[in-house]
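Following: one structure in structure tokens, then a few remarks.
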Amino acid sequence: MNMEKDLVDYAYLSDNVRYADLFNGVLFGGEQVLDAEVLAEADVRSMSRGKKRSRTRDVVRKHGKNTNYAVLGVENQEEVSYCMPLRILEYETAEYARQMAAIRKRNKAGVGLSPGEFLERYRKLDRINPCVSLVLFWGEAWDGPETLKEMMNLEDFPEHLRDFVNDYSIHLVNVREFEDTSVFKTDLKLVFDFLKCADSKEKMKALVEDNPAYKDLDEDTYDVMMVHAHSKELQKLRENVKESEGNMCKALADWAAEEREIGREEGIEQGILLCAYKMIACGSVTVKEALAVLNLNGEEAEFVKEMQAAGYQLP
């Protein structure tokens, strides 16, 4: 993902209410299991044991109080990553290693440790906190692996040993194919619904015009829709509003209404042309007469070519 998308996604998901809503919608079908009020900032950087190279995650939050918490991470993907299971495994392993380093530091003196505990400076009752990661895929079609085994060459591996190979699965959220967006209680629903229509300008415009909720978007929501829909029209609209200090929501609604009207007028014009083609094909009028009635100044040969391309022939 480029820098613009990274910043837009981070700004959008930095809102704790949205963040909790994403996990509650995806993992629990909308049940309010995670509480936005107990989400806290977490370091997006983690370092594996014995390595000085840190790994940086997109967005990370802690859910819980004091030392009893879960680490919730989101990885934004615009393009398919064919090593995503290993990437997420590395991120979570690095987070566990970071926690282990803190525990070892706390137990560094070794006071009261048994021989087994002293070896790793890890007490029998010490605990690390769990990690849960979502892969938020904004692209068009995911054809990559969703498990670690799908990355492996098991073709010649003894079949009776395959079950003993540890696997690892990712939690993939395919935005454009997410079926039930009603599980979301925030504007995540608007974003998911909009991007599900991203392959059709007509569907996008109809959705915006018909749903009054799109008339009350904040800038972060508009921006995340704009960058992932790859819409130059929405980008231009955004720039025009910035220059005029206008209202983004009203501009979006006006854009949809205007485009719907343009589509309606184009449909009427197309219908008139098809009617003219039919009349010419059955001999009711000549091409020259049709051009005069339609007030078209083009060449007869070009008009006939377009007519034939539409499936109509001269009598």
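Of 282, 83, the sequence from fewest to most neighbouring Cβ atoms within 10 angstrom is 282, 83. Here segment 70-92 is scanned for amide nitrogen atoms under 11 Å from the site 7 Å beyond the Cα of residue 156 along Cα-to-Cβ, giving none. Placing +1 on the Cβ of every Lys and Arg and -1 on the Cβ of every Asp and Glu, with nothing else charged, gives segment 3-179 a dipole about its Cα centre of roughly 1740 debye.
Which whole-number percent gives the relative contact order of segment 3-179, counting Cα pairs below 8 Å spaced six or more residues apart?
20
Coupling constants for segment 210-217 follow from the phi torsions by the Karplus curve (6.51 cos²θ - 1.76 cosθ + 1.60, θ = phi - 60°), and in residue order they are 8, 9, x, 4, 6, 8, 9, 8 Hz; glycine and proline get x. As a proxy for reagent exposure, 307, 225 were ordered by neighbouring Cβ count within 10 angstrom, fewest first; the result is 307, 225.
Sequence-ordered 3J(HN,Hα) estimates for segment 108-116 from the Karplus curve with 6.51, -1.76 and 1.60 and θ = phi - 60° stand at 4, 5, x, 5, x, 8, 6, x, x Hz, glycine and proline given as x.
Relative to its Kirkwood radius, the Cα radius of gyration of segment 3-179 gives an Rg/Rh of 1.01. Give the residue from 8, 175, 116 lying farthest towards the positive end of the charge dipole for segment 3-179; charges sit on Cβ (+1 for Lys and Arg, -1 for Asp and Glu) and the dipole is referred to the Cα centre. Of the candidates, 116 comes out farthest on the positive side.
Bear in mind that the values in this text are calculations on the coordinates, not laboratory data. Fair warning: this is a prediction, and the values are worked out from it, not measured in the lab. Cβ atoms come from the backbone with ideal geometry, glycine included; neighbour counts cover every protein chain shown.
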